[in-house]
Amino acid sequence: MAIIGIDLGTTNSAMAMYKDGEAEIILNGNDQRTTASAFQLKPNGEEVIGSSAKKGAASMPRHTVLEVKRKMGGEEEVQVGARTYKPEEISSKILRYLKKSAEEKLGEPVTEAVITVPAYFTDAQRKSTKIAGELAGLRVERIINEPTAAALAFCHDNLDEDQFILVYDLGGGTFDVSLVELFDGVIEVKSSTGDNFLGGTDFDETIIKLIKDKFLKANGFPMEEAAQDANMLYYMLKEAAENAKIELSTQVETDISLPFIGLKDNLPVSFIGQLTRIEFENAIREKVESTIIKINETLEEAAISKDQVSEILMVGGSTRIPLVRGYVEKAFGKKVRTDINPDEVVATGAAVQAALKSGEIDSAVGLVAIDVCPYTLGIEIVNKVNNQIIPGYFDPIIRKNSAIPVTERKTYNTVSDNQTSVNVKVYQGEGRFVSENQLVSDELHVEGIPPNAAGQEEVEISFSYDINGIIQISAVIVSTGHKVTQVIQSQQGVMSAKEKRRSMERMEQEGLDADLYEGMKKAIHNAEKMMDDCSPEDRTRIERILADIETAVAAEDNAALRKLDEQLLDLLIELV
Ligand code: AMP
């Protein structure tokens, strides 16, 4: 059975499979190599995924979701028409579509996948991604880091050379940079850093701001005053901004046209203007410079000089921006690789990982990827300063860039007399104080410490970070041997097991309904075609069923629809 590789991107997703010594992109249901990560729920209950959903965002803003990856691992729910979803559920709709497309193209069931995530994704974001896969009916074999996947794809084709490679991954929503060593077929990530909130979307926002400023200057009032619907205006601007941005990668100037924004004093309002590449570059320069700072950090952490880096892989659609390429090439004083496809290399790398897992790539080839934990993990401790107990200090347990899987232990003493319990709070980040870092979990409670004088009892805390980036913590009361273990699970922003079970049922049902609509649309199309050539009596029979279908759709009566679908198919078979 096939294990596929999936790059679940902020803006676009892609999938690939390894066959006959090569990872190949699998086309989606519309024969496209990438799929826009967009979900639309039409008022009649029909679900649309991909570029049609993305294109429809401006006309149906309340029924469309773009860039849900940015919400993964967060608390925010997503409203789509009359339904409310968790971010995992929206991602699962995209994954389900990819799974279905792959099954059609490959002609076999697809039940397992390797899914990629940004290297800098947190524990909560990784778990949400895994859950999204499971809700889509996929066993998520592995979660791997996007830059590591890109390195795997590249190294698979360049196994003979030992070298240092820098992967610069600037996609739709996230930025990662990883320094990778390829030695004897082993791909070892030496250091990795990034920004979970930097990508093409931010450049779109920058252009939206430039358009609004130009409009205000030309008209003397803000665009919003003319718009009838703020969401609609936003998506209209977003589409125009992304188009302009892409055009400016090859042109030095682009026209921006918003023919109808709305009405002001009962007169139609529009915007026609130009944006130059220079204007765009000046507006995004600071953000691009921040990525160069991250490159320097990554090299410093790996103790590697720029001269030692032999290849620079540019991954993610935003690396097509000339300013981005220019900055990276200037920083290294050499050309970046342009022969890899920035939109596809992550998915093909995921397929290589899937093939390593399934045995399709012989382990004798020696291709192995060793990844790192991209941030420091530790707990909150108190410190005694001038005999005063001060809380809020961060004590690292697993250091940033430790090779994974990794387990580390540290022993802590009680701080007060007769202390019988401790609440272990896990944080990630590089700050000295927990307030500067991100809370991962505050769920581990250790009870039953024997009453004793302050400092006399010891609790050993152990952290494990596995190859999927999932954290497990445990605590042992040293004097009694009592152990409490926990995979950090029900943390903020991640579905609990119960929520997941419930959602699984809902997604399955909605999936079946979506399939019903899709099948029905095809059947209606065939019926309409057939009506031209059949007898008046048969035409009336078809028309009757189509009218009933319309009524059932309006009433959202899926049980009736299922029956009518069968009736229509039977009739079409009879009439063929
Ligand atoms: P990815 O997540 O790798 O699919 O990257 C998607 C991002 O790349 C989106 O923000 C796109 O707008 C952006 N992108 C794609 N092509 C280009 C291009 N030619 N110039 C600038 N940005 C692009």
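A few notes on this one:
- Search result, residues across segment 299-338 that are out of contact with any Leu (no Cβ under 9 Å at 6 or more places or on another chain) and within 16 Å of the ligand (Cβ to nearest atom): ARG320, LEU323, ARG325, GLY326, TYR327, THR338
- Filtered by the rule that a residue be within 16 Å of the ligand (Cβ to nearest atom), outside any strand (DSSP E or B) and farther than 30 Å from ASN158 by Cβ, segment 20-57 gives GLY50, SER51, ALA53, LYS54, LYS55, ALA57.
- Flag if GLY469 is buried (at least 17 other Cβ atoms within 10 Å of the Cβ) and outside the structural domain of GLU77 (by TED's automatic domain parsing): yes
- Residue satisfying condition, being more than 21 Å from LYS521 (Cβ to Cβ), more than 16 Å from the ligand (Cβ to nearest atom) and crowded, with 22+ Cβ neighbours inside 10 Å, within set MET17, MET72, MET1: MET17
- Qualifying residue in segment 281-298 (condition: more than 21 Å from GLY326 (Cα to Cα), away from the ligand (no atom under 16 Å from the Cβ) and surrounded by 13 or more Cβ atoms within 10 Å (Cβ to Cβ)): no
- Unique match (being under 27 Å from ALA453 (Cα atoms), not in a strand (DSSP E or B) and not β-branched (Val, Ile, Thr)) among ASN423, ASN418, ASN383: ASN418
- Filtered residues of segment 329-372 (kept if among the β-branched types (Val, Ile, Thr) and in a helix (DSSP H, G or I)): VAL345, VAL346, THR348, VAL352, VAL365
- Any hit, segment 58-67, residues being farther than 19 Å from VAL346 by Cα, in contact (Cβ under 8 Å) with a residue 24 or more places away in the chain, more than 16 Å from the ligand (Cβ to nearest atom) and assigned to a helix (DSSP H, G or I): yes
- If you go through segment 20-39 and keep only what is surrounded by fewer than 24 Cβ atoms within 10 Å (Cβ to Cβ) and among the polar types (S, T, N, Q), you end up with ASN30, GLN32, THR34.
Yes/no per residue for (1) in contact with a Ser or Thr (Cβ under 8 Å, 6 or more places away or on another chain); (2) among the basic types (Lys, Arg); (3) not assigned by TED's automatic domain parsing to the domain that holds HIS156:
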position	(1), (2), (3)
LEU170	yes, no, no
THR174	yes, no, no
GLU188	no, no, no
ILE207	no, no, yes
LYS212	no, yes, yes
GLN251	no, no, yes
LEU275	yes, no, yes
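- Where a residue in segment 264-289 is assigned to a loop (DSSP other than H, G, I, E, B) and its partner, wherever it lies, is modelled with pLDDT under 95 and of a type in the set (A, V, I, L, M, F, W, C), with Cβ under 9 Å and at least six apart: none
- Whichever residue in segment 127-148 is over 14 Å from the mean Cα position of the chain (by Cα) and in a helix (DSSP H, G or I) and, among such residues, is nearest to PHE175 (Cα to Cα): THR148
- Filter pass, SER101 being at pLDDT 95 or above, part of a helix (DSSP H, G or I) and within 26 Å of THR193 (Cβ to Cβ): no
- Residue within segment 126-139 that is farther than 20 Å from VAL65 by Cα, at pLDDT below 95 and either within 15 Å of the ligand (Cβ to nearest atom) or touching a Phe, Trp or Tyr at 6+ places or on another chain (Cβ under 9 Å) (or both) present: no
- Checklist (1) farther than 21 Å from ARG337 by Cβ; (2) within 16 Å of the ligand (Cβ to nearest atom) applied to LYS93, failing item: (2)
- The set of residues in segment 216-253 being more than 30 Å from the chain's Cα centre (by Cα) and either in contact (Cβ under 8 Å) with a residue 40 or more places away in the chain or within 16 Å of the ligand (Cβ to nearest atom) (or both) consists of ALA218, ASN219, PHE221, MET223, ALA226, VAL252, GLU253.
- Within segment 15-30, one or more residues are more than 21 Å from ILE340 (Cα to Cα) and without any contact (Cβ under 8 Å) to a residue 24 or more places away in the chain.
- Selection within segment 132-165 - among the aliphatic types (A, V, I, L, M) and in contact with a Lys or Arg (Cβ under 7 Å, 6 or more places away or on another chain): ALA136, LEU138, VAL140, ILE143
- Lone qualifier among GLY9, GLY73 - being in contact with a Pro (Cβ under 8 Å, 6 or more places away or on another chain), in a loop (DSSP other than H, G, I, E, B) and touching a residue at least 24 places away in the same chain (Cβ under 8 Å): GLY73
- Selection status of GLU510, modelled with pLDDT of 85 or more and closer than 30 Å to SER128 by Cβ: yes
- Unmet criterion (only one of (1) at pLDDT below 95; (2) more than 14 Å from the chain's Cα centre (by Cα)) for GLY74: (2)
- Residues in segment 151-210 that are closer than 22 Å to TYR18 by Cβ, part of a loop (DSSP other than H, G, I, E, B) and either within 13 Å of the ligand (Cβ to nearest atom) or charged (D, E, K, R) (or both): ASP160, GLU161, ASP184.
- Residue pairs meeting the criteria (Cβ under 8 Å; at least 6 apart or on separate chains; first in the same structural domain as PHE164 (by TED's automatic domain parsing) and touching a residue at least 24 places away in the same chain (Cβ under 8 Å), in segment 310-327; second more than 8 Å from the ligand (Cβ to nearest atom) and hydroxyl-bearing (Ser, Thr, Tyr)): ILE312/TYR168; LEU313/TYR168; MET314/TYR168; MET314/THR338; VAL315/TYR168; THR319/TYR168; VAL324/THR291; TYR327/THR291
The values are calculated or read from the model by the stated rules, or taken from the named source; none is laboratory data. On a predicted model such as this, the values are computed, not experimentally measured, just so you know. Methodologically, a virtual Cβ is constructed for each residue, glycine included, from the backbone with ideal geometry; neighbour enumeration extends over all protein chains shown.
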